[in-house]
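The values are calculated or read from the model by the stated rules, or taken from the named source; none is laboratory data. All values derive from a computational prediction rather than experimental measurement. Note that each Cβ is placed from the backbone with ideal geometry, even for glycine, and that neighbours are counted across all protein chains shown.
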Ligand code: GLP
C-alpha cells in the first residue's frame, strides 16, 4: 500500500482528479470503478470543472459504480444513480450506454448482480477503482461480518451504515433501505489499480486498521492489503501522523 497524505481535503481531491484525468487522457478506453458518498464530492467537483467545455474527452470511458440501494430506481432522488448524474455524469461527455449501474428495482436482484459482474468482465475488467471507506471499515456495502461475499450481491445494511446514509433520506435512518446491491470483494479486488480515499477524524480508526491491522473480514477494507496496487489518499484527520 502506498500512503499519500494531504494537508487538506481540497488538495486530496485536486490530486486525485488530476490522476483520474491523466489516466483517461493516456488511455481513452479506461474502465473506471466509482464510489458515492461525501468523500468523493471534491473529486467530482474537480472532474466537472477540469472536463468542462469538452476539454477532456470521456466518450470512450466506461464506468461501473460500486453500489445502489435495493428498491430505489435510477430516478429516485435518494438513489446513488441520481447522485452520480448530478455530481458527474450530467456534466461530462460520457456516453449513457457506457455507464454501468446496479438497478435497485430490477425484478430479480440476484440476476441483476450476476449480470453486473458479467458486464464488468465483458468490458475487460476495471482499470482504476476509486473507493471510499465507511467508519466501520466497509467498502462498497461489504459490511464487517464473519464472512464476506466475493461476487456482486444483495447486502444487508448495518444500523451504523443506514445512519451514515440518512442525510439522503430526510436525515431519518429508518427510511434508508435495509438492503443494497454491492460489488463483492473479488469484484473490487479484481481492479488493476485501486485508490481509496478517506477524510475526517471519524475515519481514522478504520484507516489505521486497514493499513496496519491484521487482515480480517471484520474490517473489510483490510483485505486491500493483499492487492498489489493500492494507494490510500488521506487527509491529516484520517491519518494523524
Ligand atoms: C457508503 C457507501 C460507500 C462509501 C461509504 C463512505 O455507505 N456505500 O461506498 O464509500 O459509505 O461514505 P462517505 O464518503 O459519505 O463517508
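Quick grid of which residues meet (1) over 25 Å from residue 117 (Cβ atoms); (2) over 16 Å from the mean Cα position of the chain (by Cα); (3) buried (at least 16 other Cβ atoms within 10 Å of the Cβ):
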residue: 151; (1), (2), (3): no, no, no
residue: 160; (1), (2), (3): yes, yes, no
residue: 185; (1), (2), (3): no, no, yes
residue: 192; (1), (2), (3): no, no, no
residue: 197; (1), (2), (3): no, no, yes
residue: 209; (1), (2), (3): yes, yes, yes
residue: 214; (1), (2), (3): yes, yes, no
residue: 217; (1), (2), (3): no, yes, yes
residue: 220; (1), (2), (3): no, no, yes
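Being surrounded by fewer than 22 Cβ atoms within 10 Å (Cβ to Cβ) and within 13 Å of the ligand (Cβ to nearest atom): is that true of residue 71 here?
No: the conditions fail for residue 71.
Name the helices (runs of 4 or more DSSP H) wholly inside region 156-241 in which the number of residues that are in contact (Cβ under 8 Å) with a residue 40 or more places away in the chain is 2 or more.
Fully inside region 156-241 and qualifying: 185-189, 204-212.
Does residue 48 satisfy the condition of being touching a residue at least 40 places away in the same chain (Cβ under 8 Å), over 17 Å from the mean Cα position of the chain (by Cα) and closer than 20 Å to residue 121 by Cα?
no
Considering each residue of region 10-42, count those that are more than 17 Å from the chain's Cα centre (by Cα) and within 16 Å of the ligand (Cβ to nearest atom), and give that number.
1
If you check residue 204 against the conditions, is it out of contact with any helix residue (DSSP H, G or I) (no Cβ under 8 Å at 6 or more places or on another chain) and at pLDDT below 95?
Here the answer is no, as residue 204 does not meet what is asked.
How about region 1-114: which helices (runs of 4 or more DSSP H) wholly inside it have at least 1 residues that are over 27 Å from residue 224 (Cβ atoms)? Reasoning before the result, please.
Values: elements: 9-26, 41-51, 80-87.
Output list reads 41-51, 80-87.
State yes or no: is residue 9 in contact (Cβ under 8 Å) with a residue 40 or more places away in the chain and either more than 14 Å from residue 130 (Cβ to Cβ) or touching a helix residue (DSSP H, G or I) at 6+ places or on another chain (Cβ under 7 Å) (or both)?
Judged against the criteria, residue 9 is a match.
Among the candidates 92, 130, single out the residue that is away from the ligand (no atom under 13 Å from the Cβ) and within 19 Å of the chain's Cα centre (by Cα).
Result of the check over 92, 130: 92.
Name the residue, out of 198, 155, 180, 106, that is modelled with pLDDT of 95 or more, within 11 Å of the ligand (Cβ to nearest atom) and touching a helix residue (DSSP H, G or I) at 6+ places or on another chain (Cβ under 6 Å).
Numbers: 155 fails: touching a helix residue (DSSP H, G or I) at 6+ places or on another chain (Cβ under 6 Å); 180 fails: touching a helix residue (DSSP H, G or I) at 6+ places or on another chain (Cβ under 6 Å); 106 fails: within 11 Å of the ligand (Cβ to nearest atom).
The unique qualifying residue is 198.
State all residues of region 115-135 that are surrounded by fewer than 16 Cβ atoms within 10 Å (Cβ to Cβ) and in a loop (DSSP other than H, G, I, E, B); if no residue qualifies, say none.
Once the filter is applied, which keeps residues that are surrounded by fewer than 16 Cβ atoms within 10 Å (Cβ to Cβ) and in a loop (DSSP other than H, G, I, E, B), region 115-135 yields 124, 125.
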